[in-house]
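Enquirer: Dumping the structure here so I can ask a few things about it.
The values are calculated or read from the model by the stated rules, or taken from the named source; none is laboratory data. Not measured: the values here are computed from a predicted model. Here the Cβ positions follow ideal geometry from the backbone for every residue, glycine too, while neighbour counts run over all protein chains shown.
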Amino acid sequence: MRDYANILQLVILVNLENLNAEMINQGIPQNKRLERLNEIAKKQFDILQHTSGIKKIESLDNMKLLNT
């Protein structure tokens, strides 16, 4: 999945992995974690897709690809 993900998706994935680990430590059952992580992923996507930070990282990544 990581091989085909864009920068935004990778940022969200890392966030979700960290949140999932924390929820596991809290003893939250898998089905509840999945529901909550899905909600969080949607919210993060909506928020982050329009941020200047993500756009800057994407443009740097695109420049890197052009130079290789």
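Enquirer: Looking at region 6-17, I want the residues that are under 12 Å from Gln44 (Cα atoms) and have a partner that is assigned to a helix (DSSP H, G or I) and among the charged types (D, E, K, R) with Cβ atoms under 9 Å, at least 6 apart or on another chain. Which pairs are those?
Expert: Filtered contacts from region 6-17: Leu8/Glu58; Gln9/Arg2; Leu10/Arg2; Leu13/Arg2.
Enquirer: May I pose another question? Would it be correct to say that Ile7 is modelled with pLDDT of 95 or more, in contact with a helix residue (DSSP H, G or I) (Cβ under 8 Å, 6 or more places away or on another chain) and on the phi < 0 side of the Ramachandran plot?
Expert: Working: modelled with pLDDT of 95 or more: no; in contact with a helix residue (DSSP H, G or I) (Cβ under 8 Å, 6 or more places away or on another chain): yes; on the phi < 0 side of the Ramachandran plot: yes.
The answer is no for Ile7.
Enquirer: Could you say which residue among Ile7, Ile47 is surrounded by 15 or more Cβ atoms within 10 Å (Cβ to Cβ) and either more than 14 Å from the chain's Cα centre (by Cα) or β-branched (Val, Ile, Thr) (or both)?
Expert: Ile7
Enquirer: A further question follows. Give Ile24, Ile28, Ile47, Ile40 a once-over and let me know the one that is hydrophobic (A, V, I, L, M, F, W, C), outside any helix (DSSP H, G or I) and without any contact (Cβ under 8 Å) to a residue 40 or more places away in the chain.
Expert: Selected residue: Ile28, the only one of Ile24, Ile28, Ile47, Ile40 that is hydrophobic (A, V, I, L, M, F, W, C), outside any helix (DSSP H, G or I) and without any contact (Cβ under 8 Å) to a residue 40 or more places away in the chain.
Enquirer: Residue by residue through region 50-68, note down the ones that are among the hydroxyl-bearing types (Ser, Thr, Tyr) and either under 30 Å from Glu22 (Cα atoms) or assigned to a helix (DSSP H, G or I) (or both). Reasoning before the result, please.
Expert: Filtering region 50-68 down to residues among the hydroxyl-bearing types (Ser, Thr, Tyr) leaves 51-52, 59, 68.
Those that are among the hydroxyl-bearing types (Ser, Thr, Tyr) and either under 30 Å from Glu22 (Cα atoms) or assigned to a helix (DSSP H, G or I) (or both): Thr51, Ser52, Ser59.
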